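To start, the structure itself, in C-alpha cells.
The values are calculated or read from the model by the stated rules, or taken from the named source; none is laboratory data. Just so it is clear, the model here is predicted, and its values are computed rather than measured. No Cβ is skipped: glycine too gets one built from the backbone with ideal geometry, and neighbour counts run over all protein chains shown.
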Amino acid sequence: MGAKDLAIPSRIPAIRHPEDWTALEGLRPGWAFILGGGLDAVAQATGLLQRKKWRVFLHVDMIRGLSKDLEGLRFLREYAGPDGIISTHSPVITQGRRAGLLTVQRIFLLDSQSVATGIQQTHSTEPDVVETLPGILPDVTRRVIREVACPVITGGLITSQEQVAMMLAAGVKGVSTSDRSLWT
C-alpha cells in the first residue's frame with residue numbers, strides 16, 4: 001500500500017530522540033517521525049507507538065548502528081518494524097522501496113539547482129511521499145507539488161500556526177515539526 005492510499009495527517013509530530021515518544025501521549029494517532037537515535041531505542045519506540053496506533057517513519061540517515069543498504073533496511077523492517085523510512089539519499093529510498101517500506105524522500109529547497117535536482121531524483125526513485133525543507137517557502141513548494149508524482153509534505157523552520165496554515169493552503173498534505181505546540 002502506498003502513501004496515496006493512506007490518510008496523510010495535516011500535522012506530523014517529529015521527535016528527535018526515540019525516548020521522547022511519550023510526548024505523543026494524549027494526541028490522536030497519525031504519523032510520527034523519529035529523527036534519530038540508536039537502533040535499539042528506535043526499535044523500542046517504534047513498537048510502543050505502533051501499539052498506540054501510530055504509523056512510524058524512521059529517518060534512517062540519522063539512526064546509529066544501521067547500514068543503509070538493502071540488507072540493513074530489511075533488517076530494520078524485521079527488527080524495528082517501522083511503517084516507513086525517511087532519507088535525503090536517493091539510493092536509500094530505492095532500497096527502502098525494495099525492502100517493502102513506505103518511503104519519504106526529503107529534498108532541500110536551497111537554490112534553483114537543488115530544487116531541480118530534488119525533483120529529478122524523485123522521478124527516478126518514485127518515493128511514496130516527498131518532504132520539502134525548509135517548510136516556509138510556499139511558492140517553491142507549489143512548484144514541487146506540480147512536478148512530482150506523489151503527495152508532498154513539508155517541514156523545517158516552521159514556528160507558528162500561521163506558517164502551518166500557509167503551507168497547507170499552498171497544497172501540502174501535511175507539515176512535520178518538532179515544535180510540540182504545533183502538533184494539534
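Figures for the structure shown
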| item | result |
| --- | --- |
| Selected residue (criterion: surrounded by the fewest Cβ atoms within 10 Å (Cβ to Cβ)) from residues of the range 156-177 that are polar (S, T, N, Q) and part of a helix (DSSP H, G or I) | GLN161 |
| Failed item, numbered, when ILE86 is tested on (1) buried (at least 20 other Cβ atoms within 10 Å of the Cβ); (2) farther than 19 Å from LEU6 by Cα | (2) |
| Residue, farthest from LEU73 (Cα to Cα), within the range 92-130, restricted to residues that are in contact (Cβ under 8 Å) with a residue 24 or more places away in the chain and in contact with a Phe, Trp or Tyr (Cβ under 8 Å, 6 or more places away or on another chain) | GLY118 |
| Pairs where the first residue, in the range 156-184, is within 20 Å of LEU27 (Cα to Cα) and touching a residue at least 24 places away in the same chain (Cβ under 8 Å) and the second is surrounded by 17 or more Cβ atoms within 10 Å (Cβ to Cβ) and of a type in the set (Phe, Trp, Tyr), C-beta under 7 Å, 6+ apart | SER176/PHE33 |
| Residues being touching a Ser or Thr at 6+ places or on another chain (Cβ under 7 Å), in a helix (DSSP H, G or I) and among the basic types (Lys, Arg) - total across the range 94-110 | 1 |
| Exclusive hit being at pLDDT below 95 and either β-branched (Val, Ile, Thr) or under 24 Å from ILE136 (Cβ atoms) (or both), set ALA116, ALA32, ALA23, ALA3 | ALA3 |
| Where ARG180 falls short, out of the listed (1) among the basic types (Lys, Arg); (2) surrounded by fewer than 16 Cβ atoms within 10 Å (Cβ to Cβ); (3) farther than 25 Å from HIS17 by Cβ | (3) |
| Any chance ILE153 is surrounded by 15 or more Cβ atoms within 10 Å (Cβ to Cβ), without any contact (Cβ under 8 Å) to a residue 40 or more places away in the chain and assigned to a strand (DSSP E or B) | no |
| Criterion (without any contact (Cβ under 8 Å) to a residue 40 or more places away in the chain and over 16 Å from the mean Cα position of the chain (by Cα)) met by exactly one of LEU70, LEU39, LEU58 | LEU70 |
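Rundown of residues vs (1) assigned to a loop (DSSP other than H, G, I, E, B); (2) closer than 18 Å to GLY96 by Cβ, yes/no style:
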site: PRO9; (1), (2): yes, no
site: PRO13; (1), (2): no, no
site: THR22; (1), (2): no, no
site: GLY26; (1), (2): yes, no
site: ASP40; (1), (2): no, no
site: ALA43; (1), (2): no, yes
site: LEU48; (1), (2): no, no
site: LYS53; (1), (2): yes, no
site: VAL56; (1), (2): no, yes
